[in-house]
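Some notes on the structure that comes next.
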Amino acid sequence: EEAGVLQRKEKPRKKVSERFVDFFRKCYNKWKNILNKLKRLAKKGTSILDLLEDEQLRRAAVRIKGYFLRGAGYLMPQKLEGRIVFGLEDPADTGKVLGWIAAAMPLYGDRLDVTPDFTHKIIEGKVLAAGRIRRYKILKLVWDIYRDKDLIRQKDRAVKIVGG
């Protein structure tokens, strides 16, 4: 053995038949694991369907939606008006952004004029948004959610049903 040169210890190689058996054993175990995962997902799928049919959980979901809409209403500006011209490098991207803006149109209506420019990369405009965020209203909403014990019970039930 020369100085500075390390020799590797070679592992004894397995016979071809042993490698062949190991390969099929690994494949069998992989498929077994995949099938077990699929069975668990199928079981959870029926559990999720049970959740959707549960009347108490539906009522809890309606209350959550109400809390969310109430909170969003507190954060929305009372006055909104303006004009925006925008465009991106790719006209397809401009169209996608315009689609998202159009989906939000019920929030701003005709008070905001949005004009796409499919030929130039540009963003310019003037927007006036005015309103107030009242802390006591937000605190009242948080207190109402905190006091809604039935909501917490329904969440715990849903977690038990799904098994998560």
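Coordinate-derived values only; no laboratory data. Worth saying up front: this structure is predicted, and the values here are computed from it rather than measured. Here the Cβ positions follow ideal geometry from the backbone for every residue, glycine too, while neighbour counts run over all protein chains shown.
Roughly speaking, what is the centre-to-centre gap between the stretch 76-99 and the stretch 101-164 when only Cα atoms are used, to the nearest Å?
About 18 Å separates the Cα centre of the stretch 76-99 from the one of the stretch 101-164.
Show me, for the stretch 142-151, the HN-Hα J-couplings you get by feeding each phi into the Karplus relation (A = 6.51, B = -1.76, C = 1.60, θ = phi - 60°), rounded to Hz, glycine and proline as x.
So the J values, rounded to whole Hz, are 4, 5, 4, 5, 4, 6, 7, 5, 4, 4.
On full extension of the chain, what length is gained from I84 through W143, given 0.36 nm per residue of separation minus the C-alpha to C-alpha distance? Each step should come with its number before you reach the end.
Numbers: separation 59, 0.36 × 59 = 21.24 nm, distance 3.85 nm.
That pair, I84 and W143, stretches by 17.4 nm at full extension.
Not counting the cut sites, what is the longest span of the chain without trypsin sites (Lys or Arg not before Pro) that DSSP labels loop and that have at most 12 other Cβ atoms within 10 Å? Before the final figure, lay out each step's value.
Working: sites that count: R8, K9, R13, K14, K15, K121, R132, R134.
Answer from the scan: 16-120.
Which is the longest part of the chain that has none of the GluC sites (Glu not before Pro) sitting in a DSSP loop with at most 12 other Cβ atoms within 10 Å? Display every interim value, and only then the final one.
Numbers: sites that count: E1, E2, E10, E89.
The segment 11-88 is the longest one with no such site.
Between R135 and R40, 0.36 nm times their residue separation minus their Cα-Cα distance comes to what?
Full extension of this stretch gives 29.6 nm more.
Using the Cβ atoms and a cut-off under 12 Å, what net charge is assigned to the surroundings of G82, where Lys and Arg are +1 and Asp and Glu are -1?
So the surrounding residues net to 0.
State, to one decimal in nm, how far the label point of R63 lies from the label point of I101, with both points 7 Å from Cα in the Cβ direction.
Simple spin-label model gives 4.1 nm for this pair.
Please compute, for the alpha-carbon atoms of the stretch 67-164, the extent along each of the three principal axes and give them in descending order in Å.
Here the spans come out as 55, 36, 17 Å, largest first.
What list of ³J(HN,Hα) values in whole Hz, one per residue of the stretch 83-88 in order, does the Karplus curve 6.51 cos²θ - 1.76 cosθ + 1.60 (θ = phi - 60°) give from phi, with Gly and Pro shown as x?
9, 10, 10, 9, x, 10
If you take Rg and Dmax of the Cα atoms in Å from the coordinates, which of [x] 15.3, 43; [y] 18.6, 64; [z] 30.1, 86 do you get?
Given [x] 15.3, 43; [y] 18.6, 64; [z] 30.1, 86, the structure-derived one carries the label [z].
Calculated from DSSP H runs of 4 or more alone, at -39500 (n - 2.57) each and per residue, what is the 222 nm mean residue ellipticity of the chain, nearest 500? Don't jump to the answer; show the numbers that get you there.
Values: 6 runs with 103 residues, N = 164.
The helix contribution divided over the chain gives -21000 deg cm²/dmol.
Placing +1 at every Lys and Arg Cβ and -1 at every Asp and Glu Cβ, with all other atoms neutral, what dipole size does the chain have around its Cα centre, in debye to the nearest 20?
Working: 38 positive and 21 negative charges, 273 e Å.
With only Lys, Arg, Asp and Glu charged at Cβ, the dipole is about 1300 debye.
Dipole of the chain (Lys/Arg Cβ +1, Asp/Glu Cβ -1, origin at the Cα centre): which of T94, Y67, I84 lies farthest to the positive side?
So the residue we want is Y67.
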